[in-house]
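One structure below.
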Amino acid sequence: MTDSMSNVRLESDGEVASITLTRRGKANALDSATTAGLRDALRQPAAASARVLVISGEGVFCGGADIREMENLDAVGAERFIRGLHETFLLIREHPAPVVAEVRGAALGAGLELLVSCDLSVVAEDAVFGMPEPHVGLPSVIEAALLPGVVGLVRARELLFLGDPIDAAEAARIGLVGEVAPVADLEAAVKAKVERLLRLSPEALSLQKRLIGRWLNLPLDQAVEAGVSAFRAAYRTGAPKREMEKFWRRRSTPSDAS
């Protein structure tokens, strides 16, 4: 672990890498040092080459950007701070493999932006979510721009203008999170989702992730053409033939059930 990763722990078994925020006493608030640590972890070979990446936090997921640091920023420092956050979230969005958020406690402000930068999420049933920036005199920016596409414009306005927290059930209802699990079962639910991803073609998942990212920035006709290109690219990897052969072998294997 490098010095810049003092608030971040990276673990890997070769296929699955886990990045954990460890600034527990500060609700894993993202100050500049922790944000740099997260960037450094994402760039480590163990994380960059993983087939699945899991992001979590000790105690809570992430309570937001660090207010203690932000209150002393000037305009130049503010831009530097927010660009550093965006660079970090963009690394997650551009990671070639699926990134799963494991959320317990709170995902607020920058923590919610961290969450929506991930591809999939499993959240504890007692988790809370929100964009409290209006309460500290700030607009929600950078990856908050994803929210209208995630939950719809009307609901995004509610979250961004009012800054009120919502619970896990409501977050699931509006499509902000994927799976809600009992607190005691959160790790098992994440493990089950990771295992499902590992059974699928890594080439196909990588192409799909890249394609979804392109869809966010393209009109429909260009998005369709991007899909045609991704379909063609899949055949260059050899994955379709390999996976279809597996499919037919499964179909032809007698079931153990009598």
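None of 97, 156, 106 is in contact with a Pro (Cβ under 9 Å, 6 or more places away or on another chain), within 18 Å of residue 180 (Cα to Cα) and either among the polar types (S, T, N, Q) or in the same structural domain as residue 56 (by TED's automatic domain parsing) (or both) except 106.
Only one entry in 41, 50, 46, 65 is surrounded by fewer than 21 Cβ atoms within 10 Å (Cβ to Cβ) and among the small types (Gly, Ala, Ser), namely 46.
So which residues in the range 180-193 are surrounded by fewer than 16 Cβ atoms within 10 Å (Cβ to Cβ) and not in a helix (DSSP H, G or I), if there are any at all? Correct list: 182 only. Residues in the range 43-61 that are within 12 Å of the chain's Cα centre (by Cα) and closer than 19 Å to residue 30 by Cα: 54, 55, 56, 61. Could you list all residues from the range 15-31 that are surrounded by fewer than 16 Cβ atoms within 10 Å (Cβ to Cβ) and touching a helix residue (DSSP H, G or I) at 6+ places or on another chain (Cβ under 8 Å)? Within the range 15-31, just 15 meets the criteria.
No other residue among 169, 156 is in a helix (DSSP H, G or I) and surrounded by fewer than 17 Cβ atoms within 10 Å (Cβ to Cβ) apart from 169. For the residues 20, 34, the requirement of being in contact with a Lys or Arg (Cβ under 6 Å, 6 or more places away or on another chain) and either part of a helix (DSSP H, G or I) or modelled with pLDDT under 95 (or both) singles out 34. Restricting attention to the range 68-110, the residues that are of a type in the set (Ser, Thr, Tyr) and surrounded by fewer than 21 Cβ atoms within 10 Å (Cβ to Cβ) total 0.
Suppose the filter is closer than 22 Å to residue 101 by Cβ and assigned to a helix (DSSP H, G or I); does residue 196 pass it? Criteria met by residue 196. Could you please let me know if residue 228 is farther than 24 Å from residue 116 by Cα and either assigned by TED's automatic domain parsing to the domain that holds residue 99 or β-branched (Val, Ile, Thr) (or both)? Answer is yes for this residue. The single condition among (1) surrounded by 15 or more Cβ atoms within 10 Å (Cβ to Cβ); (2) under 23 Å from residue 51 (Cβ atoms) that residue 226 does not satisfy is (2).
The values are calculated or read from the model by the stated rules, or taken from the named source; none is laboratory data. What you see is a predicted model; the values in this text were computed from it and never measured. Note that we place each Cβ from the backbone using ideal geometry, even for glycine, and neighbour counts take in every protein chain shown.
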